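**Q** Please find one structure pasted underneath; my questions will follow.
The values are calculated or read from the model by the stated rules, or taken from the named source; none is laboratory data. These numbers were taken from a predicted model, which means no experiment stands behind them. Counting neighbours? That spans all protein chains shown, and the Cβs are built from the backbone with ideal geometry, glycine included. Just the protein is used for accessible areas: all its heavy atoms, side chains included, with ligands, DNA and RNA removed. Shrake-Rupley method; radii C 1.70, N 1.55, O 1.52, S 1.80 Å.
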Amino acid sequence: MTVKDLVIIGGGPAGLTAGLYAARGALNTLIIERGMPGGQAAATERVENYPGFPDGIDGPDLSMKMAEQAQRFGCEIIYSDVDKLELHEKGFKITYSDEEVIAKAVIVATGAKPKFIGVKGEQEFHGKGVSYCATCDGAFFRDGTLAVIGGGDAAVEEAMFLTKFAAKVYIVHRRGQLRATKILQQRAFDNPKIEFVWHSVLTEIKGQEKVTGIEVKDVRTNELSEIKVDGVFIYVGTEANSDLIKDLVQLDERGYVITQEDTGTGVPGLYVVGDLRQKPLRQVITAAADGAIAAAQVEKYLASLE
Ligand code: NAP
């Protein structure tokens, strides 16, 4: 069976940065990524708050550059779902696509996924007008009317991106104030294609073959109303992809992994980085920082085994 110094599960900014640092530290390193490099960053149209790119950089472009940089120093990347992560006498055993690899140390960087709201029509029309990725699906709605649900950075940023295609975008938010960063809020308020539907929650997504409208409830009056839309983009937060390690580590009440400051989990040789960790700020830069710290810790840990 192949033995690696380090296996990194997940190839978003956290995993790719860990791969870069570990490979530069001459560790025999493998990243296993289930989709495209970059994770959620790859599904972001433009990243404007990663230093070094004064005009911003497209999410997919930044992701590919991070992957290239890690590979340039010898980090191997393979594309597969990981089925199992287990403790093993030599460290850890990782099972993927009917194959197994042994790792002396593991960094888990599986990130987070979009949360569902759970209203009628959400599942039924997923892919038929309901989407969680504006970058992927926005262009299907040229000149259409769209609704974005949520009031955080993702909802506001993606609503603005959608105005490139759509004639009109409603932002439906459950309170009277946005959670998003002030600069994003101001841009949305200034955008003539965006209309806010305040103090309102989504109660149903309506349609036949495809989405034709949404029903929303004003939480102050309980009054229901219908808005005709061609598509609904849901951005009500994320939840941790912790399934793989939930039995090995400690999770907080929201399912995020509780780690030490140095990304250690209490299990020798097992580190958790990026959005999967309990942390105060989930951004590309904090994910990358976690990856660098974890790789440095792995180097020290492996040296201590010798
Ligand atoms: P978020 O910051 O958790 O915001 C979720 C939004 O959805 C909140 O406005 C919340 O309302 C609302 N919400 C939650 N559950 C709801 C429900 N059941 N029904 C209706 N509305 C609901 O999540 P996010 O915007 O996806 O961002 C996730 C993380 O990524 C954040 O740390 C964010 O800063 C980061 N991010 C950053 C950028 C950037 O810096 N450019 C871009 C995207 C994401 P309340 O406000 O009332 O709680």
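**Q** Mind listing whichever residues of the range 247-306 are in a loop (DSSP other than H, G, I, E, B), in contact with a Gly (Cβ under 8 Å, 6 or more places away or on another chain) and of a type in the set (S, T, N, Q)?
**A** Correct list: 250, 260.
**Q** Return the total of residues in the range 171-229 being over 18 Å from residue 160 (Cβ atoms), among the small types (Gly, Ala, Ser) and free of Cβ contacts under 8 Å to residues at least 40 places away in the same chain.
**A** The total comes to 4.
Yes or no, residue by residue, for (1) assigned to a loop (DSSP other than H, G, I, E, B); (2) surrounded by fewer than 24 Cβ atoms within 10 Å (Cβ to Cβ):
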position	(1), (2)
8	no, no
11	yes, no
14	no, no
18	no, no
26	yes, yes
35	yes, yes
40	no, yes
50	yes, yes
53	yes, yes
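Results for (1) among the hydroxyl-bearing types (Ser, Thr, Tyr); (2) closer than 21 Å to residue 158 by Cα; (3) in contact with a His (Cβ under 9 Å, 6 or more places away or on another chain), shown as yes or no for each residue.
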site: 212; (1), (2), (3): yes, yes, no
site: 231; (1), (2), (3): no, yes, no
site: 245; (1), (2), (3): no, no, no
site: 248; (1), (2), (3): no, no, no
site: 253; (1), (2), (3): no, no, no
site: 259; (1), (2), (3): yes, no, no
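**Q** Has the range 194-203 got any residue that is at pLDDT 95 or above, open to solvent by 10 Å² or more (accessible area, probe 1.4 Å) and under 24 Å from residue 59 (Cβ atoms)?
**A** Scanning the range 194-203 turns up at least one residue that is at pLDDT 95 or above, open to solvent by 10 Å² or more (accessible area, probe 1.4 Å) and under 24 Å from residue 59 (Cβ atoms).
**Q** For residue 116, are the conditions met, namely being more than 11 Å from the ligand (Cβ to nearest atom) and either surrounded by fewer than 22 Cβ atoms within 10 Å (Cβ to Cβ) or in a strand (DSSP E or B) (or both)?
**A** no
**Q** Okay, next question. If you take the residues of the range 280-304 that are free of Cβ contacts under 8 Å to residues at least 40 places away in the same chain and among the hydroxyl-bearing types (Ser, Thr, Tyr), which of them is farthest from the ligand (Cβ to nearest atom)?
**A** Going through the qualifying residues, I end up with 304.
**Q** Follow-up. Would you check if there is a residue in the range 66-87 being aliphatic (A, V, I, L, M), within 16 Å of the ligand (Cβ to nearest atom) and in the same structural domain as residue 18 (by TED's automatic domain parsing)?
**A** no
**Q** Among (1) part of a loop (DSSP other than H, G, I, E, B); (2) crowded, with 24+ Cβ neighbours inside 10 Å, which single condition is residue 155 missing?
**A** (1)
One line per residue, one yes/no per condition, for (1) assigned by TED's automatic domain parsing to the domain that holds residue 214; (2) without any contact (Cβ under 8 Å) to a residue 60 or more places away in the chain; (3) within 30 Å of residue 6 (Cα to Cα):
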site	(1), (2), (3)
95	no, yes, yes
108	no, no, yes
120	yes, no, no
130	yes, no, no
139	yes, yes, no
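**Q** Any idea how many residues of the range 160-190 are away from the ligand (no atom under 14 Å from the Cβ), among the charged types (D, E, K, R) and either crowded, with 17+ Cβ neighbours inside 10 Å or closer than 17 Å to residue 233 by Cα (or both)?
**A** Qualifying residue count, the range 160-190: 2.
**Q** Name every residue in the range 72-99 that is assigned to a strand (DSSP E or B), open to solvent by less than 90 Å² (accessible area, probe 1.4 Å) and under 18 Å from residue 245 (Cβ atoms), in order of residue number.
**A** Answer for the range 72-99, where residues must be assigned to a strand (DSSP E or B), open to solvent by less than 90 Å² (accessible area, probe 1.4 Å) and under 18 Å from residue 245 (Cβ atoms): 82, 85, 86, 88, 91, 92, 93, 94, 95, 96.
**Q** Here is a follow-up. Among residues belonging to the range 252-263 that are touching a strand residue (DSSP E or B) at 6+ places or on another chain (Cβ under 6 Å) and not small (Gly, Ala, Ser), point out the one that is surrounded by the most Cβ atoms within 10 Å (Cβ to Cβ).
**A** Restricting to residues being touching a strand residue (DSSP E or B) at 6+ places or on another chain (Cβ under 6 Å) and not small (Gly, Ala, Ser), the top hit is 263.
**Q** Identify, by number, the condition in (1) aliphatic (A, V, I, L, M); (2) within 8 Å of the ligand (Cβ to nearest atom); (3) open to solvent by 60 Å² or more (accessible area, probe 1.4 Å) that residue 149 doesn't meet.
**A** (3)
**Q** Return the total of residues in the range 206-239 being open to solvent by 70 Å² or more (accessible area, probe 1.4 Å), in a strand (DSSP E or B) and farther than 30 Å from residue 256 by Cα.
**A** The total comes to 4.
**Q** For the subset of the range 189-205 comprising residues that are part of a strand (DSSP E or B) and either among the polar types (S, T, N, Q) or touching a Ser or Thr at 6+ places or on another chain (Cβ under 6 Å) (or both), which member is nearest to residue 175 (Cα to Cα)?
**A** Filtering the range 189-205 for residues part of a strand (DSSP E or B) gives 194-197, 200-205.
Within this subset, residues satisfying the condition of being either among the polar types (S, T, N, Q) or touching a Ser or Thr at 6+ places or on another chain (Cβ under 6 Å) (or both) are 200, 203.
On the way: 200: 7, 203: 15 Å.
This residue is 200.
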